[in-house]
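The next block holds one structure in the form of structure tokens; read it before the comments.
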Amino acid sequence: MAKLQSTNPSSDYSVIDEVETSTPEDVKAKVVKAHSAKKAWRELGVRGRIELLRKVSAKFTENKERFAKLEAEEMGMPIKEALEDFDFGVDYLNSYLDTGEEHLKSVVTLENDSERHEVFKEPYGVAACIVPWNFPFANWVWQCGQNLVVGNTIVFKHSEETQLCGKLIEEIVNSILPEGVFNEVYGNGSVGEQLVNQDVNLVCFTGSSATGIKIKQVTASRLLPVCLELGGSAPGIIFEDTDIDEVAGTIFTARFMACGQMCDALKRLIVHESRVDEVIAKLTSLIKEKKIGDASDDQTDFGPLVAGRQLKLLEEQVADAVSKNVKVIIGGKKPENLEGAYYEPTLLINVTTDMRVWQEEVFGPVLPIVTFSSEQEAVEKANDTKYGLGAYIFTADNERFMRVAHQLESGMVSQNTSSYINTCNPFTGYKMSGGGREHAQFGFDEVTQIKVIARQK
Ligand code: NAD
């Protein structure tokens, strides 16, 4: 039986444990099992499912410390951020449980003396759910929470980088839900590929745009519904009227949280030319205050990247920029005294749009900075990407904010904060960011099919 090793990126990649890779027969058997459980799960009704899922949520909370420690060890997320990831995930899960009944109500579209027409929201059946590694708990919640509430059964694959987090999720969820409702498979992309080629009724995928394209191709040939939450390269525009001291913390967190490995992280900073020196000085001083080190240490602000392959990619992206005469303000290399997948938080200026750090998604602690002189130039630079997930606009002028927000090719935009991330809003993107929708009514709609029933009186 093939095994997949889980390693610790805060060390010299020492092996933490290993997990058996699912065979094609295992994957098929899990899908069959999910089909056999779907009728009873649906018939339990939304209230019955929510009751059980509240117990799942409580059980996760009992295991908070255990989960956060594992995230730190396996994925390299600093333990203080891992604890936040956990609370963040639980808040979202509870929001689905608190609002699910209301969102799944049928809608009467016509009623008169002779007829009543009603639109019902029904589960699809079996959902194949595949996630990346960057928020090992929240990734699961965002993708599986609403699926379970609406009555879909699930075959789930966590990332090969976070198999042990996947094991813990399986242990907790299956200690409460009926057998067959939640099923998990383990392995790399080829196991994911086997899963989406099975007899499933819906595919929910969170990950890179490159994999999203493959999934779209596979699902298109069977006309399967698919929810794609993909990569991003969010712009942050700083206008000349911004209170830099006020927003510097937001900019710093939006770029550097989780060591820069967030889909909607602020990945390209576009600053009015009159304020760029101030912005650089402020961000540099924030970086200097932070501690890089072992993710399991509660004093650590910057852990390692998830794996050696991410470090290599980041080094190549920065080397390309350096070869094209970028100026490194701070960072730009691996810290000398640390073994593991570490990279120093980095600010780059003199960035040009032909550089990989501008054109590609940069999944690490590197911030390319460009300047602008007019609002139109800022908008053009912000939209100069194949992605369209989040966007951040920093300005004291509300009218300008609204005008620019409407011109950005982005699914989510906020002013001076990251406030678009809220349980009441969809998480969604334009262009190569996928266009899937998670959370609130938008997310429930994405994982249900609708049926019109027109009856006579
Ligand atoms: P990835 O696409 O390499 O892998 C994601 C998942 O897909 C993994 O579980 C992987 O095993 C699986 N997979 C790989 N090839 C597959 C295939 N052919 N068929 C089916 N499954 C396959 O992405 P990654 O490097 O793990 O994650 C980082 C990416 O995820 C970044 O682009 C990031 O922006 C994106 N992301 C997006 C969101 C969002 O909500 N939009 C959230 C988190 C991360």
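The values are calculated or read from the model by the stated rules, or taken from the named source; none is laboratory data. Since we're looking at a predicted model, the values are computed, not measured. Every residue, glycine among them, receives a Cβ derived from its backbone with ideal geometry; neighbour counts consider all protein chains shown. SASA here: full protein model, heavy atoms, side chains in, ligands and nucleic acids out. Shrake-Rupley method; radii C 1.70, N 1.55, O 1.52, S 1.80 Å.
Structure values in brief
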{"quantity": "Selected residue (criterion: nearest to the ligand (Cβ to nearest atom)) from residues of the stretch 381-397 that are outside any strand (DSSP E or B) and farther than 15 Å from Val247 by Cβ", "calculated": "Leu389"}
{"quantity": "Filtered residue count, the stretch 119-151, keeping only those that are over 24 Å from Ser190 (Cα atoms), open to solvent by less than 10 Å² (accessible area, probe 1.4 Å) and of a type outside the set (A, V, I, L, M, F, W, C)", "calculated": "3"}
{"quantity": "Residue check for Val196: farther than 30 Å from Arg54 by Cα and either within 17 Å of the chain's Cα centre (by Cα) or within 9 Å of the ligand (Cβ to nearest atom) (or both)", "calculated": "no"}
{"quantity": "Failed criterion for Arg356 (all others in (1) among the basic types (Lys, Arg); (2) buried (at least 16 other Cβ atoms within 10 Å of the Cβ); (3) under 26 Å from Ser10 (Cβ atoms) hold)", "calculated": "(3)"}
{"quantity": "Residue match in the stretch 235-251 (condition: without any contact (Cβ under 8 Å) to a residue 12 or more places away in the chain and either more than 19 Å from the chain's Cα centre (by Cα) or in the same structural domain as Ser374 (by TED's automatic domain parsing) (or both))", "calculated": "no"}
{"quantity": "In the stretch 223-244, the residues that are more than 8 Å from the ligand (Cβ to nearest atom) and either at pLDDT below 95 or under 24 Å from Lys381 (Cα atoms) (or both)", "calculated": "Ser233, Ala234, Pro235, Gly236, Ile237, Ile238, Phe239, Glu240, Asp241, Thr242, Asp243, Ile244"}
{"quantity": "Strands (runs of 3 or more DSSP E) fully within the stretch 58-155 counting 1 or more residues that are basic (Lys, Arg)", "calculated": "115-123"}
{"quantity": "Candidate set from the stretch 383-404 (those that are of a type in the set (A, V, I, L, M) and open to solvent by 20 Å² or more (accessible area, probe 1.4 Å)); member that is farthest from the chain's Cα centre (by Cα)", "calculated": "Ala396"}
{"quantity": "Boolean, Val322 is open to solvent by 60 Å² or more (accessible area, probe 1.4 Å), modelled with pLDDT of 95 or more and among the β-branched types (Val, Ile, Thr)", "calculated": "yes"}
{"quantity": "Top-ranked residue of the stretch 199-213 - restricted to ones that are near the ligand (Cβ under 8 Å from one of its atoms) and part of a helix (DSSP H, G or I), ranked as farthest from Asp445 (Cα to Cα)", "calculated": "Ala210"}
{"quantity": "Qualifying positions in the stretch 167-193 - among the small types (Gly, Ala, Ser) and within 14 Å of the ligand (Cβ to nearest atom)", "calculated": "Gly187, Gly189, Ser190, Gly192"}
{"quantity": "Verdict on Asn337 being at pLDDT 95 or above, part of a loop (DSSP other than H, G, I, E, B), of a type in the set (S, T, N, Q) and open to solvent by 10 Å² or more (accessible area, probe 1.4 Å)", "calculated": "no"}
